[in-house]
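Enquirer: If you scroll down you'll find the structure; I have some questions about it.
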Amino acid sequence: MTKQIYILNGPNLNLLGQREPGIYGSDTLASIEEKCRNRALGLGIKIEFRQSNHEGVLVDWIHEAGAAKAGVVLNPGAYGHTSIALHDAIKGVGPLPLVEVHLSNIHAREAFRHKSMIAPAAVGMICGFGPLGYELAIEALAARL
Ligand code: CA2
């Protein structure tokens, strides 16, 4: 069976490349998707790349990934700092191999970004490496699927 990875992006990530390039870089989400597709192609992995500004939609997609026995790369955006619902969804469909990714180093930023509700339910977390973090997460999951 072909290995599959859902790459899920949370709120405001659709704005990437338009503002705050000093923090998030100049890549758009579309260019991050292209990098992910190229990396996954080399590994023989099928990817689903999605973005939503709505917490419940992200919950539904985590359920869908769990049912598909896929891996997940999740940049939860700001929901990563607040969402018990996302934490419960990951635990609820477990075991779900999920890597949390943030473009920026959340630990070098405001205190309210230091806490992650996702990390305790994840296999691992990558932050601070920009779009490369997505590719590293795909590599890490490929070894586990
Ligand atoms: O570093 C990351 O990837 C974040 O998940 C990005 C989130 C932020 O809330 C997290 O703390 C860390 C923000 C998403 C992007 O927000 C933008 C806002 C304005 C312009 C461009 C992007």
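Enquirer: Please determine, by comparing only the residues of the stretch 1-15 that are in a strand (DSSP E or B) and in contact with a Lys or Arg (Cβ under 6 Å, 6 or more places away or on another chain), which one is farthest from residue 103 (Cα to Cα).
Expert: Checking each candidate, the answer is 4.
Enquirer: So which residues in the stretch 16-47 are assigned to a helix (DSSP H, G or I), over 16 Å from the mean Cα position of the chain (by Cα) and either among the hydrophobic types (A, V, I, L, M, F, W, C) or within 14 Å of the ligand (Cβ to nearest atom) (or both)?
Expert: Passing the criteria: 21, 22, 23, 41, 43.
Enquirer: Filter the stretch 3-47 down to the residues that are open to solvent by less than 20 Å² (accessible area, probe 1.4 Å) and either basic (Lys, Arg) or in contact with a strand residue (DSSP E or B) (Cβ under 8 Å, 6 or more places away or on another chain) (or both) and list them by number.
Expert: 5, 6, 7, 8, 9, 10, 13, 36, 40, 45, 47 - these are the residues of the stretch 3-47 that are open to solvent by less than 20 Å² (accessible area, probe 1.4 Å) and either basic (Lys, Arg) or in contact with a strand residue (DSSP E or B) (Cβ under 8 Å, 6 or more places away or on another chain) (or both).
Enquirer: Checking residue 92 against (1) crowded, with 20+ Cβ neighbours inside 10 Å; (2) more than 16 Å from the ligand (Cβ to nearest atom); (3) over 17 Å from residue 144 (Cα atoms); (4) not hydrophobic (A, V, I, L, M, F, W, C), which single condition isn't satisfied?
Expert: Residue 92 satisfies every listed condition except (1).
Enquirer: Specify the residue that is farthest from the ligand (Cβ to nearest atom); the eligible residues are those in the stretch 96-112 that are assigned to a helix (DSSP H, G or I) and either open to solvent by less than 70 Å² (accessible area, probe 1.4 Å) or of a type in the set (Phe, Trp, Tyr) (or both).
Expert: Top of the filtered list is 112.
Enquirer: Could I ask something else about it? Cβ-Cβ below 6 Å, separation at least six or inter-chain, first residue in the stretch 105-120 and in contact (Cβ under 8 Å) with a residue 24 or more places away in the chain, second part of a loop (DSSP other than H, G, I, E, B) and surrounded by 12 or more Cβ atoms within 10 Å (Cβ to Cβ): which pairs?
Expert: Short answer, once both residue conditions are applied: 117/83; 118/76.
Enquirer: For the stretch 118-144, which residues satisfy the criterion of being within 12 Å of the ligand (Cβ to nearest atom) and assigned to a loop (DSSP other than H, G, I, E, B)?
Expert: Across the stretch 118-144, the qualifying residues are 118, 128, 129, 130, 131.
Enquirer: Also: Report yes if residue 50 is assigned to a helix (DSSP H, G or I), touching a residue at least 40 places away in the same chain (Cβ under 8 Å) and open to solvent by 40 Å² or more (accessible area, probe 1.4 Å), otherwise no.
Expert: no
The values are calculated or read from the model by the stated rules, or taken from the named source; none is laboratory data. Since the model is a prediction, treat every value here as computed from it, not as a measurement. We place every Cβ from the backbone using ideal geometry, glycine too, and count neighbours over all the protein chains shown. We work out accessible area using only protein heavy atoms, side chains counted, and drop any ligands, DNA or RNA first. Shrake-Rupley method; radii C 1.70, N 1.55, O 1.52, S 1.80 Å.
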